[in-house]
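This report refers to the structure that appears directly beneath it.
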Amino acid sequence: MRHRRLSGVIVLILVLASSLLSGCAREQDDGRTLTYWASNQGNSPQQDRRILNEEFEKFTARTGIEVNVEVIGWGDLLNKILGSAVSGVGPDVVNLGNTWAASLQATGAFVPFTEERMQRLGGRERFLETSMSSTGMSGRPPSSVPLYGLSYGVFYNKAMFREAGIEQPPENWSQFVDVARDLTRPNQDQWGMTLAGASYTENAHFAFMLGNQEGAQLFDSDGRATFASPQMASGVQRYVELMSEHEVVNPDDAEIGSATEAVGNFATGEAGMLVAQNSAIAAIRAAGMKDGEWGVFPLPTPDPLPEGGEAVRSHVAGTNIAVYRNSENKDAAIELVKFLTSAEEQSILNEKYGSLPVVSDAYDNPAFNTDALRTFSRILAESSKQVPMIPNENRFETTVGAAVRDLFARAGTNRSVRREDIADALNEAQQKMRSGGGSTR
Amino acid sequence: MTVTSTASTAPSSGAEPNGSRPRRPRISKRSVPYLLLAPALFFELLVHIVPMLGGLWMSFLRLNQFFLREWMSAPFTGLQNYRFALDFHGAAGVELFQSFAVTIAFAVITVGVSWVMGLAAALFLQRSFPGRTLLRGLFLVPYALPIYTSVMIWKFMLDRSDGMVNATLSDLGLGGERFWLLGNNAFLSLTVTAIWRLWPFAFLALMAGLQSIPTDIYDAAAVDGAGLWQQIRTITVPMLQPVSQVLILVLFLWTFNDFNVPYLLFDQAVPSSANLISIHIYQNSFLTWNFGLGSAMSTLLLLFLLVITAGYLMLTSRRSRNA
């Protein structure tokens, strides 16, 4: 008797619990609805949703496949992708930052774009070669394909240049520093340039670009970190010195944690220059700066280039798109990728977002023929280099980015960063990266 | 109650040959508390214990980006994660140790200051005077505010260029050029923010404790010529001991585990002077995708807190038994 009552209670609890747990189960798939996690490309998630839903109406009309869009901020995207990779519950199609391509490829969460699948998208040759270089580890079929193209360039405030008597954009690094100095008037709270000193991703990108200009090798052929080199130190030194030595950057910038905030400083005229990706264009417009008020020139390099140095003016930046291995609608998912990478949609979406098409056949649109976008697309196609496509790339960004962030904190507080400090910081970062503590296969 | 009375009448009803009355099932007195606790126990297991055991298990695996998706088949590495986390010759071990030291200092200072402030405020508000209720309410505001809101307000105030802290300091001629969220000042900012958020709880608990001290003891002490300070030292603090014991333990566990305040205050750019252990673990698992190592560090943290809690409880209960 007692046992029966006891077992009754247990059964009741189990029933309750299972009904709770079933709440987590996946919704029934009808095979005609895709879930799409879109990255935040526009000014706001609302704007993104509006832009994408407009296009997906066409897609649904043509194919009968419905698309359920969720826009996810960049700060959460990687964690959400990781979470869904672990649980197996997630969207069918997802956007990702293209520098994560190899790291995420290592998780095996995405469907490889085999030759056959690439043919469905119109073939590998359609895509820009540089953008295609940032889609996964070399020698393997890409696990994602490019979607929106971005590159770094130097935005400058035309009125401030005129006022300071600067007629030509600087062509090399020392001219660049001179121009920044001419623009700097600390007593009027006007600075030569602005940067996001507390953002580890931005810092890592700059370390990559400037380090490559100095001839730094970030990794050896076995994928071991080798960035604690004099060349890398020179590159980082050039970046941090803008605040510590040349004093052309407001020390407050050491606290800026996102590129958006730096864009704000530029758009309000607190700084004459800003090194940013072309995605900043939308934000600059939103902050009230008109298109004729700013111009763009490529990031300068030292002249002459140091031995082994390359004229790298940007990393191959951008957003990729991938299909989940767990998707029950892989065929429809690939169809969606095909739609989004078609010449027509590439032209429409990239125009709206201020980004660059990643396929050559979409450049006919006159919207991409402005001075600024021509400069950015030339940089992307000709003088950008992909970040190392190795599984540990994410650790490079976190360790080196954090090291540079701490150097900026130093530069902001007591304004002296010696060469040894930089070498020490890089050494420590490299030690952390090498002793990954089981971060290898 | 009804259960036991049914049980006692059962034998007589059982004597009837065709008992029309259905027999009520018996539950012995001993099993009642367990049955009543069973649902709570079940959910405690489901929500706390099972994930904890999962974390413990993960700490023995090499769970990185290569094995995340097939995490059930991640290779077993024994104590390797622990060895790595505790290798004080390597960069990771040193960092863990630093983070641990920072956390201890942070927890001790935060709990100590919160307790003193809470006690002082509770004592001041013990006597009734006009506006007492208002002040009580006001003191509780920081605790009632959502944590996100209050920490964001502090973040804005501590901003170097247009924060209120620096503006006030420069108005007073005390500088005002300082970074509060970078370098070593970050520790001070973190501690002040945490104390501001936490001390109202100490105030609330101690105020409740004060109500249980009979006023005639104070009267008697006053007749014997004890001053205010002496009264606090010899009556108030000892009689608040049971409350303080629990309060300090709870505050310590909360601050030692604090993640929200540093995470919101510094975003992903946490300076090493404010790198609390929970932030450190987060960065070592989520930013580097090394969940095995993160789990090992979490387990070490759990063990440490268990030891501290057990030691503290043993010490304080023995002391109160001796008293």
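Check region B:314-323 and report whether any residue there is part of a helix (DSSP H, G or I), modelled with pLDDT of 90 or more and surrounded by 15 or more Cβ atoms within 10 Å (Cβ to Cβ).
No; the residues of region B:314-323 include none that is part of a helix (DSSP H, G or I), modelled with pLDDT of 90 or more and surrounded by 15 or more Cβ atoms within 10 Å (Cβ to Cβ).
Under 6 Å between Cβ atoms, at least 6 apart or on separate chains: pull out the pairs that start in region A:345-358 with a residue that is outside the structural domain of A:Ala276 (by TED's automatic domain parsing) and end on any residue that is in a helix (DSSP H, G or I) and of a type in the set (Ser, Thr, Tyr).
A:Leu356/A:Ser377; A:Val358/A:Ser131
Working only within region A:257-281, note down all residues that are at pLDDT below 90 and within 14 Å of another protein chain (Cβ to nearest Cβ).
Selection gives A:Gly257, A:Ser258, A:Ala259, A:Thr260, A:Glu261.
When the residues of region B:233-260 are filtered to those that are surrounded by fewer than 16 Cβ atoms within 10 Å (Cβ to Cβ) and among the β-branched types (Val, Ile, Thr), which remaining residue is nearest to B:Arg318 (Cα to Cα)?
Checking each candidate, the answer is B:Val246.
Does B:Leu313 meet the test of being farther than 30 Å from B:Met157 by Cβ, without any contact (Cβ under 8 Å) to a residue 60 or more places away in the chain and away from every other protein chain (no Cβ under 14 Å)? Spell out the reasoning first.
Working: farther than 30 Å from B:Met157 by Cβ: yes; without any contact (Cβ under 8 Å) to a residue 60 or more places away in the chain: no; away from every other protein chain (no Cβ under 14 Å): yes.
For B:Leu313, the condition - farther than 30 Å from B:Met157 by Cβ, without any contact (Cβ under 8 Å) to a residue 60 or more places away in the chain and away from every other protein chain (no Cβ under 14 Å) - is not met.
Consider A:Asp364 against the criteria (1) over 23 Å from A:Ala101 (Cα atoms); (2) away from chain B (no Cβ under 14 Å); (3) part of a helix (DSSP H, G or I): it satisfies all of them except one. Which criterion is unmet?
Evaluating A:Asp364 over (1) over 23 Å from A:Ala101 (Cα atoms); (2) away from chain B (no Cβ under 14 Å); (3) part of a helix (DSSP H, G or I) leaves (3) as the failure.
How about region B:59-82: which of its residues are assigned to a helix (DSSP H, G or I), over 20 Å from A:Lys80 (Cα atoms) and more than 9 Å from chain A (Cβ to nearest Cβ)?
B:Ser73, B:Tyr82, listed by residue number.
Residues B:Ala85, B:Ala107: which one is away from chain A (no Cβ under 14 Å) and either in contact (Cβ under 8 Å) with a residue 40 or more places away in the chain or touching a Leu at 6+ places or on another chain (Cβ under 6 Å) (or both)?
Testing whether each residue is away from chain A (no Cβ under 14 Å) and either in contact (Cβ under 8 Å) with a residue 40 or more places away in the chain or touching a Leu at 6+ places or on another chain (Cβ under 6 Å) (or both) leaves just B:Ala107.
Sort out which residues of region A:116-156 are of a type in the set (Lys, Arg) and touching a Lys or Arg at 6+ places or on another chain (Cβ under 7 Å), and write them in order of number. Before you say what the answer is, go through the steps one by one.
So in region A:116-156, the residues of a type in the set (Lys, Arg) come out as A:117, A:120, A:124, A:126, A:140.
Across region A:116-156, the qualifying residue is only A:Arg120.
Considering only residues of region B:58-82 that are surrounded by 15 or more Cβ atoms within 10 Å (Cβ to Cβ) and small (Gly, Ala, Ser), which is farthest from B:Phe291 (Cα to Cα)?
Selected residue: B:Ala74.
Please go through (1) free of Cβ contacts under 8 Å to residues at least 60 places away in the same chain; (2) more than 30 Å from A:Thr107 (Cα to Cα); (3) within 14 Å of another protein chain (Cβ to nearest Cβ) for A:Lys432 and return the number of the only condition it doesn't satisfy.
So A:Lys432 meets the others, but not (2).
Of the conditions (1) surrounded by fewer than 20 Cβ atoms within 10 Å (Cβ to Cβ); (2) part of a loop (DSSP other than H, G, I, E, B), A:Gly136 satisfies every one except a single condition; which number is it?
(1)
Go over the candidates B:Ser244, B:Ser189 one by one and state the one that is in contact (Cβ under 8 Å) with a residue 24 or more places away in the chain, of a type in the set (Ser, Thr, Tyr), within 20 Å of B:Val108 (Cα to Cα) and in contact with a Leu (Cβ under 7 Å, 6 or more places away or on another chain).
That would be B:Ser189, the only listed residue that is in contact (Cβ under 8 Å) with a residue 24 or more places away in the chain, of a type in the set (Ser, Thr, Tyr), within 20 Å of B:Val108 (Cα to Cα) and in contact with a Leu (Cβ under 7 Å, 6 or more places away or on another chain).
Only one of (1) in the same structural domain as A:Leu340 (by TED's automatic domain parsing); (2) of a type in the set (D, E, K, R); (3) buried (at least 16 other Cβ atoms within 10 Å of the Cβ) fails for A:Asp182. Which number is that?
(1)
Answer with yes or no whether A:Ile379 is farther than 24 Å from A:Gly153 by Cα and either more than 9 Å from every other protein chain (Cβ to nearest Cβ) or assigned to a helix (DSSP H, G or I) (or both).
So A:Ile379 fails the test.
Could you list, in sequence order, the residues of region B:159-197 that are part of a helix (DSSP H, G or I), buried (at least 19 other Cβ atoms within 10 Å of the Cβ), aliphatic (A, V, I, L, M) and within 14 Å of chain A (Cβ to nearest Cβ)?
Correct list: B:Ala186 only.
Is it fair to say A:Gln386 is away from chain B (no Cβ under 14 Å), among the polar types (S, T, N, Q) and closer than 30 Å to B:Tyr282 by Cα?
Numbers: away from chain B (no Cβ under 14 Å): yes; among the polar types (S, T, N, Q): yes; closer than 30 Å to B:Tyr282 by Cα: yes.
Criteria met by A:Gln386.
Residues checked against (1) surrounded by fewer than 23 Cβ atoms within 10 Å (Cβ to Cβ); (2) assigned to a helix (DSSP H, G or I); (3) in contact with a Ser or Thr (Cβ under 6 Å, 6 or more places away or on another chain):
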| residue | (1), (2), (3) |
| --- | --- |
| B:Tyr263 | yes, yes, no |
| B:Gln268 | yes, no, no |
| B:Ser273 | yes, yes, no |
| B:Ile279 | yes, yes, no |
| B:Trp289 | no, no, no |
| B:Gly294 | no, yes, yes |
| B:Leu300 | yes, yes, no |
| B:Phe304 | yes, yes, no |
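Would you check if B:Ser28 is within 11 Å of another protein chain (Cβ to nearest Cβ), more than 24 Å from the chain's Cα centre (by Cα) and of a type in the set (S, T, N, Q)?
yes
If you check B:Ala107, B:Ala120, B:Ala85, which single one turns out to be in contact with a Phe, Trp or Tyr (Cβ under 7 Å, 6 or more places away or on another chain) and either crowded, with 19+ Cβ neighbours inside 10 Å or under 26 Å from B:Thr191 (Cβ atoms) (or both)? Before the answer, list the steps.
Values: B:Ala120 fails: in contact with a Phe, Trp or Tyr (Cβ under 7 Å, 6 or more places away or on another chain); B:Ala85 fails: in contact with a Phe, Trp or Tyr (Cβ under 7 Å, 6 or more places away or on another chain).
Step by step, each of B:Ala107, B:Ala120, B:Ala85 is checked, and only B:Ala107 is in contact with a Phe, Trp or Tyr (Cβ under 7 Å, 6 or more places away or on another chain) and either crowded, with 19+ Cβ neighbours inside 10 Å or under 26 Å from B:Thr191 (Cβ atoms) (or both).
Yes or no: A:Phe227 touching a residue at least 40 places away in the same chain (Cβ under 8 Å), closer than 23 Å to A:Ile422 by Cβ, more than 14 Å from chain B (Cβ to nearest Cβ) and part of a loop (DSSP other than H, G, I, E, B)? Reasoning before the result, please.
Numbers: touching a residue at least 40 places away in the same chain (Cβ under 8 Å): yes; closer than 23 Å to A:Ile422 by Cβ: yes; more than 14 Å from chain B (Cβ to nearest Cβ): yes; part of a loop (DSSP other than H, G, I, E, B): yes.
Criteria met by A:Phe227.
So, A:Gly108, is that one touching a Phe, Trp or Tyr at 6+ places or on another chain (Cβ under 9 Å) and surrounded by fewer than 18 Cβ atoms within 10 Å (Cβ to Cβ) or not?
So A:Gly108 fits the description; yes.
The values are calculated or read from the model by the stated rules, or taken from the named source; none is laboratory data. Everything numeric in this text was worked out from a predicted model, so none of it was measured. Note that each Cβ is placed from the backbone with ideal geometry, even for glycine, and that neighbours are counted across all protein chains shown.
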